[in-house]
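Contents: one structure, followed by commentary.
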Amino acid sequence: MKKEFAVIGLGRFGGSIVRSLTEQGMEVMAIDINEDRVNEFASTATQAVIADTTDENVLKSLGIRNFDHVIVAIGDNIQSSILTTLILKELGVKHITVKAQNDYHEKVLRKIGADHVVHPERDMGRRIAHYIVSTNVLDYLELSEEYSIVEVMVNDLLAGYTLVELDIRAKYGLNIVAIKRGKEIIVSPLANAPLQLNDILIIIGADTDINRFEKKVLVE
Ligand code: ATP
């Protein structure tokens, strides 16, 4: 069965989620208090509805508790975002993802039981900071507040060495989970096979260890 999603708040963030979900063939109800915003999504979403989601009766009448996942993308109006999340939680929505504006907002959302809190501007900022500091870091994915996955391109300093010789696990506490070599993905890389220039290492570990590794091994 297809999953059903509802997206509340059709700003740039919420709007992009609606487009992306419909492109993936999902059923999406797009909701906003603003009629113009709703009209923009009339032909994209499965259903586009004008509603104030801080009103419990409105959410009930939309049958919101039957959706598999509700995304709250109300931006600047933190009060509406919190109230909407609280009502969704009370109505028993199975999975709620909310966009937070700042750390305090995030804290409250977690307290009232949002399943997943996203902070797109902050997270994207961190991600970009990682790959502008070093030309070898291609991507960065935060797993938790302390752990991440990074993609690092093998440069002259690393090429030709084996994983045993580099001993990244012992020296930095990091694990190389896979290597991308052209179109090939090597899932369990051999410890004694030499790395090739432009291989991409997919590394998992604590941020502090990743930072140490980046400083030591990578060029600016
Ligand atoms: P971005 O465009 O980058 O996502 P943003 O997160 O600040 O920025 P806004 O442009 O503020 O997003 O969009 C939030 C949307 O949420 C607006 O379209 C607004 O009309 C809608 N919204 C605000 N309050 C409510 C509410 N009570 N019920 C439904 N929708 C609401």
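Here, each number is a calculation from the coordinates, and none is a lab measurement. Just so you know, these numbers come straight off a predicted model, no measurement behind them. Ideal geometry is used to build each Cβ from the backbone, glycine not excepted, and the neighbour counts take in all protein chains shown.
Report the residue, chosen from SER20, SER80, SER188, that carries the largest GNM mean-square fluctuation when the chain is represented by alpha-carbon nodes joined by springs under 10 Å.
Among SER20, SER80, SER188, the largest mean-square fluctuation in the Gaussian network model of the chain belongs to SER188.
If the only charges are +1 at each Lys and Arg Cβ and -1 at each Asp and Glu Cβ, what is the size of the charge dipole of the chain around the Cα centre, to the nearest 20 debye?
Dipole about the Cα centre, nearest 20: 380 debye.
Straight-line reach from LYS111: which aspartates and glutamates have Cα under 19 Å away, leaving out those fewer than 8 places along the same chain?
GLU90, ASP103, GLU145
For the chain, go through all pairs of different Cα atoms, get the mean of 1/r, take its inverse, and jot down that Kirkwood value in Å. If you can, show how the numbers build up before the last one.
Details: mean 1/r = 0.0505 Å⁻¹.
So the Kirkwood estimate lands at 19.8 Å.
Please state the relative contact order of the stretch 4-118 as a whole percent: Cα pairs under 8 Å, 6+ residues apart?
Worked out over the stretch 4-118, it gives 23 percent.
Would you mind telling me the antiparallel percentage of the DSSP bridges in the chain, rounded to 5?
50 percent
Looking at the stretch 108-161, which chymotrypsin sites (Phe, Trp or Tyr not before Pro) are in a loop (DSSP not H, G, I, E or B) and have at most 15 other Cβ atoms within 10 Å?
Loop-located and lightly packed - TYR161.
Subtract the Cα-Cα distance of ILE132 and THR44 from 0.36 nm times their separation in residues, and report this length gain in nm to one decimal.
Extending this stretch completely gives an extra 28.2 nm.
If contacts are Cα pairs under 8 angstrom and at least 6 residues apart, what is the relative contact order of the chain in percent?
Reported relative contact order: 13 percent.
From Cα coordinates alone, what are the radius of gyration and Dmax values for the stretch 4-118 in angstrom?
When restricted to the Cα atoms of the stretch 4-118, Rg and Dmax are 12.7, 36 Å.
Provide the percentage of antiparallel DSSP beta bridges, counting only those with both residues in the stretch 25-155; round to the nearest 5.
Taking every DSSP beta bridge with both residues in the stretch 25-155, the antiparallel ones total about 35 percent.
Scan the chain and hand back the longest stretch that contains none of the trypsin sites (Lys or Arg not before Pro) lying in DSSP loops with at most 12 other Cβ atoms within 10 Å.
Details: sites that count: LYS2, LYS94, LYS183.
Answer - 3-93.
Which residues does the label zone of LEU141 cover in the stretch 179-193, counting backbone N under 18 Å from a point 7 Å along Cα→Cβ?
179-189
According to a simple spin-label model (label point 7 Å from Cα along Cα-to-Cβ), what is the distance in nm between ARG181 and LYS3?
Result: 3.5 nm between the two label points.
Kindly provide the chymotrypsin sites (Phe, Trp or Tyr not before Pro) of the stretch 32-112 that DSSP labels as loop, not H, G, I, E or B, and whose Cβ sees at most 10 other Cβ atoms within 10 Å. Please report the intermediate quantities before stating the final value.
On the way: sites: PHE41, PHE67, TYR104; in loops: PHE41, PHE67.
Passing both the DSSP loop test and the Cβ count: no residue.
In the chain, if the dipole is taken from +1 on Lys/Arg beta carbons and -1 on Asp/Glu beta carbons about the Cα centre, which of TYR104, LEU197, SER16 is farthest to the positive end?
Positive-end residue among those listed: LEU197.
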